[in-house]
1. For the chain, what is the mean residue ellipticity at 222 nm derived from helices alone (per DSSP H run of n ≥ 4: -39500 (n - 2.57); sum divided by total residues; nearest 500 deg cm²/dmol)?
2. Calculate the dipole size of region 1-64 relative to its Cα centre from +1 charges on Lys and Arg beta carbons and -1 charges on Asp and Glu beta carbons; express the result in debye to the nearest 20.
3. In region 38-113, which chymotrypsin sites (Phe, Trp or Tyr not before Pro) are in a loop and have at most 11 other Cβ atoms within 10 Å, using DSSP for the loop call?
4. If you count only protein heavy atoms and use a 1.4 Å probe, how large is the accessible surface of residue 125, to the nearest 10 Å²?
5. Can you list the HN-Hα couplings for region 60-74, worked out from phi with the Karplus curve (6.51, -1.76, 1.60; θ = phi - 60°), rounded to whole Hz and with x for Gly and Pro?
6. Count of lysine pairs in the chain with Cα atoms under 22 Å apart, counting only pairs 8 or more residues apart in sequence or on different chains?
7. Helix check for the chain. Which DSSP H runs span at least 24 Å along their own axis by Cα, with a mean Kyte-Doolittle hydropathy no less than 0.0?
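The values are calculated or read from the model by the stated rules, or taken from the named source; none is laboratory data. Worth saying up front: this structure is predicted, and the values here are computed from it rather than measured. No Cβ is skipped: glycine too gets one built from the backbone with ideal geometry, and neighbour counts run over all protein chains shown. SASA here: full protein model, heavy atoms, side chains in, ligands and nucleic acids out. Shrake-Rupley method; radii C 1.70, N 1.55, O 1.52, S 1.80 Å.
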Amino acid sequence: MTEAFRAHCPRCDDERVCIIRGEFDQPWSVDDGRNHMEGEIDHKLVQCAGCETVFYYKSSWDDQDWDGEYHPVTGESIITFPRTVETYPSPEKKSQKPDWVWSIGQIDPQLHTILYEVYQAYEIESFILASVGLRTALDRTTEFLNIDPGHSLERKVKELLDNGFIGETEAATLAIVADAGNAAAHRGWAPDRETFKTLITTLEHFIYRVVVTGKAALKLTKSIPARQPRPKKQPIQPT
Ligand SMILES: [Zn+2]
């Protein structure tokens, strides 16, 4: 039995047994007539056997980077080429990102990409970029909910409220998210850490509820007529 392939899973942030879903080895060499260099890059698409996250694994070596040793018995010299391993995405240390953000990739890849960048900016305290990203994520979520993309974002927040997706308090904070993103984009305004935390937490709750759990509507407002109970289906009699 071959030994299980192990790699550092970016989501578990630890070494895990992984399933290899695809791979190829790419040897390379460069020769300018005087100097010769060669190496190899091994590419793998792997899936963590624990959390099932799929990620890219690259292992490479080249002949400029080598270690020399002598065999303890025969005294022969042994040259080894240490491999450099990289995985993408790289594991996130002390990430603020809630775990469910991973699952958004399967629901709305575009929203996942936006949120991914928001957390990257957040982690390095780039609050201007992160605020613009929050606004973009909010906008994308309204699109996901089929709010008319032609409206201003402020108007979209109002529609979320009118359509019962959010309550008054959430609408007020999401309006600030829209406004903060706008101020950051056009006037270079940057919230402090505490303010940003409040904004992102509200947006997280909203996105989690309407996108991840799919519980789109909090409550139906008066503007939406209540559904009439459907008439019970009559069983179809065989003819
Ligand atoms: Zn994992």
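1. Numbers: 6 runs with 85 residues, N = 239.
It comes out at -11500 deg cm²/dmol, rounded to the nearest 500.
2. Details: 7 positive and 14 negative charges, 76 e Å.
That gives region 1-64 a dipole magnitude of about 360 debye.
3. Values: sites: 55, 56, 57, 61, 66, 70, 100, 102; in loops: 66, 100.
Loop-located and lightly packed - 66.
4. In the full protein context, residue 125 sits at about 100 Å².
5. 9, 8, 8, 7, 7, 10, 9, 10, x, 9, 10, 4, x, 9, 7
6. Pairs that pass both the separation and distance tests number 12.
7. Details: long enough: 127-144 (25 Å, 0.56); 168-187 (27 Å, 0.17).
Result, helices passing both filters: 127-144, 168-187.
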